[in-house]
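Encoded as structure tokens, the structure appears first; notes follow it.
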Amino acid sequence: MRARILMATGLALGLALGLAWLVPPAVAGTPAVHEYTLDNGMTVVVREDHRAPVVVSMVWFAVGSSYEQRPLTGISHVVEHMMFKGTETRPTGEFSRLIAERGGHQNAFTGRDFTGYHQQLAVEHLPLAFELEADRMQNLVFDQGEYEREMEVVREERRQRVEDNPTAKFMERFRAVAWSASPYGQPVIGWMEDLDRLRLSEVEDWYRRWHGPESATLVVVGAVDPDAVFALAEEHFGPVPARERPEPIPGGDIPDPGERAVTVRIPAELPYLAMGWRVPTLGSIDREDEEALREVYALALLRAVLSGGQAAILPERLERQQGVAVGAGASYSATARLQDLFLLAGRPAPGAGLDELEAALREEVQRLQEEPLDEERLVRARRQYVADELFSQDSMRAQAMRLGALESTGIGWEAGERFLEGVQTVTAEDIQRVARRYLVDDQLTVGRLVPADREASTDAGEEQ
């Protein structure tokens with residue numbers, strides 16, 4: 001067992017789903033992050049938080065939808081559902097019942113780059129969480145009847161979240177067009193056609209390939225002693241045999257210069273516009289390259305400059321001053337495993353149209369490229385960025401989410417702990433430089449959601 005104990009420079013890291021990462025090194029008294037690696041390859045990360053006698057325990061597997069190829073899209077999410085079925089020693093429902101009887105909460109999630117399982121419970125019940133997780137890591141039973149029932153649940157989940165949600169359905173198509181080859185172009189929940197043909201044998205094979213200890217990170221945050229957690233992890237997870245860790249499919253997109261466009265006409269109440277530029281992330285760069293790191297820091301702060309609070313550029317100019325947008329904003333996930341999109345999106349305000357909104361967004365991008373930001377706006381964005389991070393990391397669960405996401409993407413929690421320090425060094429010239437380099441037409445995809453059941457004039461930016 002290899003151990004590392006490193007001091008964190010800030011609160012711990014959090015998700016995903018356009019995150020900025022970290023609090024200033026000046027924050028004193030932040031507990032250390034303790035990290036071990038078990039002999040079977042499983043990583044164990046612990047942070048103490050003694051504000052309450054509870055603990056959050058998470059097991060993360062480094063596999064998600066970006067590891068999939070057609071016709072197996074959605075298979076990581078299906079495995080997540082099956083992990084709550086029975087094992088060789090426990091019937092279906094026993095896992096949830098045992099946690100609930102002890103007053104705990106448990107759930108799971110699937111993302112593009114990882115799948116995670118978590119419990120929050122009184123600290124004295126942590127051994128039970130470890131025992132249950134170690135059991136289903138190696139002894140899951142794949143029953144055909146249980147599988148068919150669960151697939152109906154998954155398909156209904158897709159219908160509710162995507163098929164019956166016009167914006168979600170539009171964004172699914174938008175991402176598919178934005179990426180020529182990157183697996184980020186396929187939905188986490190999978191295409192319905194793939195779900196309809198998926199077989200139980202394929203799901204079981206995916207579980208056995210990707211859900212072993214060599215692909216797993218155990219994250220524990222709470223009122224614990226790190227050494228005791230490591231000993232407990234070795235007791236329960238140490239005996240789980242390691243498997244041969246498969247290599248993920250190549251994740252980079254195929255260079256394809258030239259602006260792309262997609263118009264989606266479906267029944268919807270309101271139109272919607274999305275503009276996405278392909279940009280680097282922490283997971284897609286050489287993190288020893290200081291220039292590349294600085295670009296990611298600048299993109300993260302640029303996101304805050306554009307939509308970090310009501311004083312940011314898009315709410316101020318497009319919503320309040322020009323009145324062309326409703327809810328215009330920017331998003332960017334600096335901690336993605338692969339190259340991702342820097343996204344500007346919103347709805348046209350009443351009396352405005354998609355053409356007008358797109359023109360206004362393009363004007364703001366051009367202004368960023370031609371005029372360095374004034375110092376007051378830059379300072380305000382930095383302060384808002386730091387405040388958002390402080391508040392986002394107040395809970396034990398958020399701290400565990402941050403640590404687990406960074407470990408599972410291969411970025412490492414240490415890089416995340418240094419992130420805010422880097423963001424705070426970003427200058428107006430850095431912002432201008434990344435806007436000129438990345439927010440260009442050759443990297444751009446423009447998507448329009450046009451309500452199919454609504455008459456609109458050409459002046460409103462919508463085609464009949």
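Solvent exposure of the chain, expressed per residue, is 41 Å² of accessible area, with all protein chains present and a 1.4 angstrom probe.
Note on the range 318-433: dipole from Cβ charges, positive end direction compared against I411, Q321, Q369; the farthest Cα belongs to I411.
For the pair the range 113-172 / the range 202-218, the C-alpha centres are spaced 14 Å from each other. Computed with a 1.4 Å probe over protein heavy atoms only, the accessible area of T425 comes to about 70 Å².
Full extension of the chain segment joining D164 with R265 gains 35.0 nm, where the gain is 0.36 nm per residue of separation less the Cα-Cα distance. Rank M171, W206, A228 by how far each Cα sits towards the positive end of the charge dipole of the range 168-250 (+1 on Lys, Arg Cβ; -1 on Asp, Glu Cβ) and give me just the farthest. Highest projection toward the positive end goes to M171. Ignoring ligands, DNA and RNA, what percent of the accessible area of the range 370-421 is carbon or sulfur (1.4 Å)? Using a 1.4 Å probe with all protein chains present, the range 370-421 comes out at 48 percent carbon and sulfur.
The solvent-accessible area of F61, taken with every protein chain present and a 1.4 Å probe, is close to 0 Å².
For the range 330-464, a simple Cβ point-charge model (Lys and Arg +1, Asp and Glu -1, everything else neutral) yields a dipole of about 540 debye relative to the Cα centre. Under a model in which nothing but the beta-carbon of Lys, Arg (+1) and Asp, Glu (-1) is charged, the chain shows a dipole of about 320 debye around its Cα centre.
Taking a point 7 Å out from the Cα of V326 in the direction of its Cβ, the residues of the range 268-300 whose backbone N falls within less than 16 Å of it are 268-274.
Just to verify a number: FRET efficiency for D205 and E157, C-beta to C-beta distance, R0 = 25 Å, to 0.05?
Working: r = 22 Å, r/R0 = 0.90.
The value I calculate is 0.65.
Of the residues V279, A435, Q69, the one whose Cα sits farthest toward the positive end of the charge dipole of the chain, with +1 on the Cβ of Lys and Arg and -1 on the Cβ of Asp and Glu, is A435. If R0 equals 22 Å, the separation of the Cβ atoms of A231 and E101 corresponds to a calculated FRET efficiency of about 0.30. The charge dipole of the range 40-171, taken about its Cα centre with unit charges on the Cβ atoms of Lys, Arg (+1), Asp and Glu (-1) only, comes to about 380 debye. Per-residue ellipticity at 222 nm from helix content only, as computed over the chain with -39500 (n - 2.57) for each DSSP H run of at least four residues, stands at -11500 deg cm²/dmol. Compared with the direct C-alpha span, the chain from I254 to E429 gains 60.0 nm at full extension, assuming 0.36 nm per residue.
Charged neighbours of V141, selected by a Cβ distance under 12 Å, balance to -3 (K, R count +1; D, E count -1). Highest mean first, the peptides 186-197, 365-376, 392-403 sorted by other C-beta atoms within 10 Å per residue fall in the order 392-403, 186-197, 365-376.
The values are calculated or read from the model by the stated rules, or taken from the named source; none is laboratory data. Because the structure is predicted, anything quoted here is derived from the model rather than measured. Here the Cβ is made from the backbone with ideal geometry for all residues, glycine too, and neighbour counts use every protein chain on show. For the accessible areas, the whole protein counts, side chains as well, though only heavy atoms, and no ligand, DNA or RNA atoms are used. Shrake-Rupley method; radii C 1.70, N 1.55, O 1.52, S 1.80 Å.
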